[in-house]
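Notes to accompany the following structure.
Coordinate-derived values only; no laboratory data. Computed from a predicted model, the values in this text were never measured in an experiment. Glycine also receives a Cβ, built like all others from the backbone with ideal geometry; neighbour counts cover every protein chain displayed.
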Amino acid sequence: YTSVKELFRNTSQYTDKEITVSGWIRSVRASKAFGFIILNDGTFFNNLQVVINNELENFDELSKLNVGSSIIVKGKFIETPGAKQPFEMQATEVQIEGASTPDYPLQKKRHTFEYLRTISHLRPRTNTFAAVFRIRSVVAQAIHRFFSDKGFVYVHTPILTGSDCEGAGEMFRATTLDLNDVPKDEEGNIDNKLDFFGKETNLTVSGQLNVETYAMAFRNVYTFGPTFRAENSNTARHAAEFWMIEPEMAFADLIDDMDIAEEMIKYIITYVKENAPEEMEFFNKFIDKGLSERLDNVLNNKFERITYTEAVELLEKSGEKFDYPVKWGADLQTEHERYITEKVFKKPVFVIDYPKEIKAFYMKLNEDNKTVAAMDLLVPGVGEIIGGSQREEDYDKLISKMKESGLKEEDYWWYLDIRKYGGCNHAGFGLGFERMIMYITGMSNIRDVIPFPRTVNNCDI
Ligand code: 4AD
Ligand code: MG
């Protein structure tokens, strides 16, 4: 089969040639004498117009085909200058591969995103979701390319783990125990020793702790995989299962960390513009009218860098009425993050040096003993898309921080080892993959950028 992408990319090569294409019907319009089938073959965002006429033996049957049916078309490719579409195909033979039933849920009218979420197995057949999920694939490729061009080693960190990287206790428990008949010890506690691994395990919330150990062998590494969080927050930016890109660099500090994060974001945007121009044009036209301009601004400007303390001052001075009060020591809420990026700077902003109490145990303590070398990247429209830090390389400080956080030394002995055996300053970050897709496409709900979203009360398809 000739792909529709190939037809769009190298149109003149096919002029007046016989070709065969296959795909799914987006719409059929027919009169007694002739008709038009709009076909999408899956290789390209745009559709192919197929002209049928009543000389085809199955013309009547074709005229009545339902949307969604799959067909194989033989015919002549002709250019149609001046018409709405640059070319069309005049069918000489159409084979019906799989007719669709009349209850096909995707009719030609516009459907709401809410409705389409209830049929996540079918929504990639719509324009919007075809564009979203092709971009998702292109962004993944961009990320691998970015890091491999820089010599980073791609490490597969485990999904099943006994540790809690973020220390926030938001893990999904992984167990083989029969929940109706859980073995208990003498005190009535669940006896984890009888479980598959002989201990309590969960799905990973982050690959960071494991990937840090590999940074001490390969220097520059990254992991890119699914992560799981049982955050009970039903928002448009939180999913229970999401993907994260986590680079980790040895002999690097917080500045290096921000530099690479900024370079990566700009690389991804450039790569997507080059490799998915039709999809990006669609988003700019139908989803978010300011998108192209905003992304161009991102490419042409340096990201802002401010401290948490400066962010708090600027929020306090803003005169805005926030739902959550602003106070040094409290975490920034989405409304605060959005004010900073959307109202004040109108571009991506790194906020660094957060109070140690509100950040994870592994972050390096700054000389003021009050803040840690953390960085969050906030962007207009989405809020936080990256969280990262320089890591605490001092063995004793790390141990005392773990104690404060209630983490057991014996569970993290291997993580502590890398501070014992040739530790060095190192830094890394985590980019939320779905949030990056939201940022690039202008889609406003995380449920609409992940093929089969898992959120509170939703694990159906
Ligand atoms: O800020 P977080 O929690 O950082 C970490 O997990 C570090 N271990 C990363 C590192 O330094 N290697 O998460 C990183 C990013 C967030 O900025 C956000 O974009 C995304 O992951 N994220 C989520 N995305 C969707 N749904 C959720 N529930 C998310 N939680 C975090
Ligand atoms: Mg964070």
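Using only the alpha carbon atoms of region 149-206, find the Kirkwood hydrodynamic radius as the inverse mean reciprocal pair distance, in angstroms to one decimal.
Values: mean 1/r = 0.0746 Å⁻¹.
After inverting the pairwise mean of 1/r, the radius is 13.4 Å.
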> Roughly what % of Cα-Cα distances in region 331-382 sit above 16 Å, to the whole percent?
Replying inline: 44
> To the nearest 20 debye, what charge dipole does region 206-298 have about its Cα centre, counting +1 at the Cβ of each Lys and Arg and -1 at the Cβ of each Asp and Glu?
Replying inline: 280
> Dipole size in debye (nearest 20) for region 304-414 around its Cα centre, Lys and Arg Cβ +1, Asp and Glu Cβ -1?
Replying inline: 280
> Can you give the FRET efficiency for Asp296 and Lys74, using 1/(1 + (r/R0)^6), R0 = 60 Å, r = Cβ-Cβ distance, to the nearest 0.05?
Replying inline: 0.85
> Under a straight-distance cross-link criterion of Cα-Cα below 12 Å, which aspartates and glutamates are reachable from Lys184, leaving out those fewer than 8 residues away in the same chain?
Replying inline: Asp195
> Gap in Å between the Cα centre of region 46-65 and the Cα centre of region 70-87?
Replying inline: 12
> What FRET efficiency comes out for the pair Thr11/Gln90, r = Cβ-Cβ distance, R0 = 22 Å, nearest 0.05?
Replying inline: 0.90
>> Please report the projected area of the chain's Cα convex hull averaged over all directions, in nm².
In response: 27.8
> Looking at this model, which pairs from Lys193/Lys401; Lys17/Lys74; Lys321/Lys343; Lys17/Lys285 are more than 22 angstrom apart at the alpha-carbon?
Replying inline: Lys193/Lys401; Lys17/Lys285
> Mind checking the dipole of the chain: about its Cα centre, +1 per Lys or Arg Cβ, -1 per Asp or Glu Cβ, Debye to the nearest 20?
Replying inline: 1720
> Helix 127-149 sits at what angle to the longest principal axis of the chain, using alpha carbons and giving 0 to 90 degrees rounded to 10?
Replying inline: 50
> Just how far, in whole angstrom, is region 160-191 from region 26-44 if you go by their alpha carbon centroids?
Replying inline: 55
> Dipole of the chain (Lys/Arg Cβ +1, Asp/Glu Cβ -1, origin at the Cα centre): which of Phe433, Phe361, Leu398 lies farthest to the positive side?
Replying inline: Phe433
> If only Cα atoms are counted, what is the Rg of region 1-154, and what is its Dmax, in Å?
Replying inline: 18.0, 62
> Considering only Ile418, Pro277, Met216, whose Cα is most displaced toward the positive end of the charge dipole of the chain, charges sitting on Cβ of Lys, Arg (+1) and Asp, Glu (-1)?
Replying inline: Pro277
> For region 73-136, what is Rg from Cα atoms divided by 2.2 N^0.38 Å, rounded to two decimals?
Replying inline: 1.49
>> Along its three principal axes, how long is region 213-358 when you only count alpha carbons? Whole Å, largest extent first please.
In response: 47, 43, 34
>> I'd like the orientation of helix 208-218 relative to the chain: the angle between its Cα long axis and the longest Cα principal axis, in ° from 0 to 90, rounded to 10.
In response: 90
> What is the helix-to-structure angle for 254-275, meaning the angle in degrees between its Cα long axis and the longest Cα principal axis of the chain, kept from 0 to 90 and rounded to the nearest 10?
Replying inline: 0
> Amide H to amide H, which residues 5 or more places from Ser69 or on other chains are under 5 Å from it, using H placed in the peptide plane?
Replying inline: Ile25, Ser100
>> Using the Cα atoms of region 96-250, I'd like the radius of gyration and the largest Cα-Cα distance, Dmax, both in angstrom.
In response: 21.2, 67
